[in-house]
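The values are calculated or read from the model by the stated rules, or taken from the named source; none is laboratory data. Please read all numbers here as calculations on a predicted model, not as lab measurements. In this analysis, Cβ positions are derived from the backbone assuming ideal geometry, glycine residues included, and neighbour counts consider all displayed protein chains. The accessibility values were calculated without ligands, DNA or RNA, using every heavy atom of the protein model including side chains. Shrake-Rupley method; radii C 1.70, N 1.55, O 1.52, S 1.80 Å.
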Amino acid sequence: MKYETVHGISIPKIGFGTWTIGGGSNANPKLDSVSLAALHSALEVGYAHFDTAEAYAAGHAEELIGRALRETNTKRENVFITTKVSPEHLQYEQVLRSCENSLRRLNMDYIDLYLIHWPRISMKLEESFRALNKLVRDGKVKHLGVSNFNMKLLQQSQSLSETPILTDQVPYSIQDLSYVRNGVLEYCQQNDILLTAYSPVEKGRLKVNQTLQSVAEDHGATPYQIALAWLVAQPRVITIPMSLNTQHIRENFESAHVELTSHESKSLSELW
Ligand SMILES: NC(=O)c1ccc[n+]([C@@H]2O[C@H](COP(=O)([O-])OP(=O)(O)OC[C@H]3O[C@@H](n4cnc5c(N)ncnc54)[C@H](OP(=O)(O)O)[C@@H]3O)[C@@H](O)[C@H]2O)c1
């Protein structure tokens, strides 16, 4: 795996997303066996960054990650866990409580990276960061970040955080350049902030045109692997594709090693 290093912290270029692991907006225990199989398969392949949220399967995704790590005897220090506080829990006491609940469900005593999941018009960022900074000081959270934040909110977060904002997690794929167009990618690259690309393969609905197909054929790779390779070839960009399919889980992980030429990267950037 390739890594991106910011502020002395190395994070794998490709991690594992967990939206739909264990359910959707609610927990669905019927999905436990398929979800656990995917997590086991990801750990076996070598994924070391897992992205989750208190909102995923109403907390059950966090429980299943904790369980998969226990079942595989994975040492805590060998994985990097990102989780998120929901927009409806951004008041001081709520942030502290959400973090405690995530820690209990994950069965861990610290979270590597804790993000505000979405901004909310009524939120008081200063109050949220008072709680987030306390969590870092207390050792419950190692690093802070945000998600779905535009440039203004990202800069505001930087000024309120006592430690560097490690990431802005946003939608980014070969087909979705909105955070390139709004300047956030360039700002992250210039300010040592990771841009974590979510929905990197368009939730499984990647459009495959002739250019993408032909680059894939030239590399003996799938178009999905090329879409991921294109993302992680970019400085400061990491990504977290999700899959329940063992073959896709492996292919996604291996896509970090597909080396695109600068000509290929450029023509893929201009596809849509
Ligand atoms: N911060 C936020 O607001 C936010 C929002 C959305 C997502 N996220 C995070 O980002 C992660 C990834 O985003 P996402 O789950 O929305 O979308 P995604 O990773 O772009 O797509 C997941 C879908 O793509 C399919 N897929 C994955 N790899 C494939 C491959 N190699 N070939 C063919 N199909 C493939 C999967 O189906 P199979 O199971 O059949 O492989 C799955 O249905 C989430 O799980 C979550 O952790 C964060």
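Just one of the listed residues (GLN156, GLN190) is more than 15 Å from the ligand (Cβ to nearest atom), under 16 Å from LEU115 (Cβ atoms) and out of contact with any Asp or Glu (no Cβ under 6 Å at 6 or more places or on another chain), and it is GLN156. Being more than 12 Å from the ligand (Cβ to nearest atom) and surrounded by 15 or more Cβ atoms within 10 Å (Cβ to Cβ) is a description that applies to LYS13.
Screening GLY59 on (1) open to solvent by 40 Å² or more (accessible area, probe 1.4 Å); (2) of a type outside the set (S, T, N, Q); (3) on the phi > 0 side of the Ramachandran plot shows it passes everything except condition (1).
Considering the conditions (1) within 14 Å of the ligand (Cβ to nearest atom); (2) in a helix (DSSP H, G or I); (3) surrounded by fewer than 16 Cβ atoms within 10 Å (Cβ to Cβ), GLU44 is excluded by exactly one of them, (1).
Of the residues making up segment 1-36, those that are among the small types (Gly, Ala, Ser) and either in contact with a His (Cβ under 6 Å, 6 or more places away or on another chain) or free of Cβ contacts under 8 Å to residues at least 40 places away in the same chain (or both) are GLY8, SER10, GLY15, GLY22, GLY23, GLY24, SER25, ALA27, SER33. Kindly indicate whether any position in segment 63-73 is within 16 Å of the ligand (Cβ to nearest atom) and assigned to a loop (DSSP other than H, G, I, E, B). For segment 63-73, residues within 16 Å of the ligand (Cβ to nearest atom) and assigned to a loop (DSSP other than H, G, I, E, B): absent.
Condition test on ALA197, is it among the aliphatic types (A, V, I, L, M) and assigned to a helix (DSSP H, G or I)? In short, no.
Residues in segment 74-103 that are in contact (Cβ under 8 Å) with a residue 12 or more places away in the chain and not in a helix (DSSP H, G or I): THR74, VAL79, PHE80, ILE81, THR82, THR83, LYS84, VAL85, SER86, LEU90, GLN91. Restricting segment 210-256 to residues that are outside any helix (DSSP H, G or I) and aliphatic (A, V, I, L, M) leaves a set whose member that is nearest to PRO12 (Cα to Cα) is ILE238. Can you find, within segment 125-179, the residue that is surrounded by the most Cβ atoms within 10 Å (Cβ to Cβ) among those that are part of a loop (DSSP other than H, G, I, E, B) and of a type in the set (A, V, I, L, M, F, W, C)? Per the criteria, the residue is PHE149.
Any chance segment 210-222 includes a residue that's within 8 Å of the ligand (Cβ to nearest atom) and buried (at least 18 other Cβ atoms within 10 Å of the Cβ)? Yes, there is a match, as at least one residue in segment 210-222 is within 8 Å of the ligand (Cβ to nearest atom) and buried (at least 18 other Cβ atoms within 10 Å of the Cβ). In segment 152-174, the residues that are on the phi < 0 side of the Ramachandran plot reach residues that are of a type in the set (Phe, Trp, Tyr) and within 16 Å of the ligand (Cβ to nearest atom) with C-beta atoms within less than 6 angstrom, at least six apart or across chains, in these pairs: ASP168/PHE149; GLN169/TYR198; VAL170/TYR179; PRO171/TYR198; TYR172/TYR179; ILE174/TRP230.
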